[in-house]
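Single-structure report; data block below.
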Amino acid sequence: MYFSVTRNTKKVAQKIAENLKSDILEIEPKHEYTSDDIDYSNDNCRANKEMKDKKARPEIANDLSKVDSCDKVYIGYPVWWGTAPRIIQTFIENYNLEGKKIYIFCTSGGSGVEQSISDLKGYFPKLDIANGYRFDSDASEDNISKGLEQLNNDGMAELWKR
């Protein structure tokens, strides 16, 4: 599973899916984000408004029920305001992920994955969120392999140092 506006997270998600030989699903917003929507220098841009409003839940356009048949779910997104975009909460609230092992991956030019994992664990304490990893948008195959190895080893302390 992934959400991507600028296609950076999409590229990483595709490499992860290829590496795992798994299906890939995009979390598609009902109302597509434009570059103006994610212009963080504008206080009134859509992303800033959503992140300021803890109750904001951007709608999802597509059916992601295929996740119901998965035991492990990898959820990827860009880091917004140091955490996961609100549409990730929309996804989690609309699909039953209880009993599944959840691995988080994000893309960011500098922010880590720690805060978003902490936030998601706080919002959804019943979920088994194993750990996470931050990939650069131009992650190499080697970086993808190493990241997946660390994700699957549940080495959270190591990951968060990245």
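The values are calculated or read from the model by the stated rules, or taken from the named source; none is laboratory data. Keep in mind it's a predicted model, so treat the numbers as computed, not measured. Using ideal geometry, Cβ is built from the backbone for each residue, glycine included, and neighbour counts are taken over all protein chains shown. Surface areas here come from the heavy atoms of the whole protein model, side chains and all, with no ligands, DNA or RNA. Shrake-Rupley method; radii C 1.70, N 1.55, O 1.52, S 1.80 Å.
Tell me, what ³J(HN,Hα) does each residue in segment 84-94 have, in order and in whole Hz, if you take phi through Karplus 6.51 cos²θ - 1.76 cosθ + 1.60 with θ = phi - 60° and put x for Gly and Pro?
Here the 3J(HN,Hα) series is 7, x, 4, 5, 5, 5, 4, 4, 4, 6, 9 Hz.
Taking 0.36 nm per residue of sequence separation and subtracting the Cα-Cα distance, how much length would be gained by fully extending the chain between Glu93 and Lys72, in nm to one decimal?
Separation in residues times 0.36 nm, less the Cα-Cα distance, equals 5.9 nm.
If you place +1 on the Cβ of every Lys and Arg, -1 on the Cβ of every Asp and Glu, and leave all else neutral, what size is the dipole of segment 36-123 about its Cα centre, to the nearest 20 Debye?
Once rounded to the nearest 20, the dipole reads 240 debye.
Taking amide H positions as placed in the peptide plane 1.01 Å from N, state which residues far from Asn131 in sequence (5 or more) or on other chains have amide H under 5 Å from it.
Distant-sequence amide H within range of Asn131: Ile104.
Using a Gaussian network for the chain with springs between C-alpha atoms less than 10 Å apart, which of these wobbles most: Ala139, Ala84, Ala61?
Highest fluctuation of the listed residues: Ala61.
So what are the ³J(HN,Hα) numbers for segment 26-34, from phi and the Karplus equation (6.51, -1.76, 1.60; θ = phi - 60°), rounded to whole Hz, Gly and Pro as x?
9, 7, 9, x, 4, 10, 4, 7, 9
About the Cα centre, and with charges only on the beta carbon of Lys, Arg (+1) and Asp, Glu (-1), how big is the dipole of the chain? Nearest 20 debye, please.
Result for the chain is approximately 280 debye, rounded to the nearest 20.
What share of the DSSP beta bridges in segment 16-108 is antiparallel, in percent to the nearest 5?
For segment 16-108, the DSSP antiparallel bridge percentage is about 20.
On a 26 Å Cα-Cα criterion, which of the cross-link pairs Lys52/Lys121; Lys15/Lys52; Lys101/Lys146 come out too long?
Where the Cα-Cα span goes over 26 Å, the pairs concerned are Lys15/Lys52.
Taking Cα centroids, how far is segment 108-131 from segment 19-44 in Å?
Here the answer is 18 Å between Cα centres.
In percent, what relative contact order does the chain have, based on Cα pairs under 8 Å that are 6 or more apart in sequence?
Relative contact order here is 22 percent.
In whole Hz, what ³J(HN,Hα) sequence does segment 136-142 give by Karplus (6.51, -1.76, 1.60; θ = phi - 60°), x for Gly and Pro?
Couplings: 6, 5, 9, 4, 7, 4, 5 Hz.
At a 1.4 Å probe, what is the % contribution of carbon and sulfur to the accessible area of the chain?
43 percent
Which option, (i) 23, 18, 16; (ii) 39, 16, 12; (iii) 27, 18, 16, is the value of semi-axes √(5λ) of the Cα gyration tensor in Å that was calculated from these coordinates?
Only one listed value fits the structure, namely (i).
Hey, can you grab everything whose amide H is under 5 Å from the amide H of Gly76? Only 5+ residues off in sequence or another chain; H modelled, so Pro and N-termini drop out.
Residues meeting the amide H criterion: Tyr2, Phe3, Phe105.
With unit charges on the beta carbons (Lys and Arg positive, Asp and Glu negative) and the dipole taken about the Cα centre of segment 4-156, which residue among Leu120, Ala13, Ile27 sits farthest to the positive side?
Positive-most Cα among the choices belongs to Leu120.
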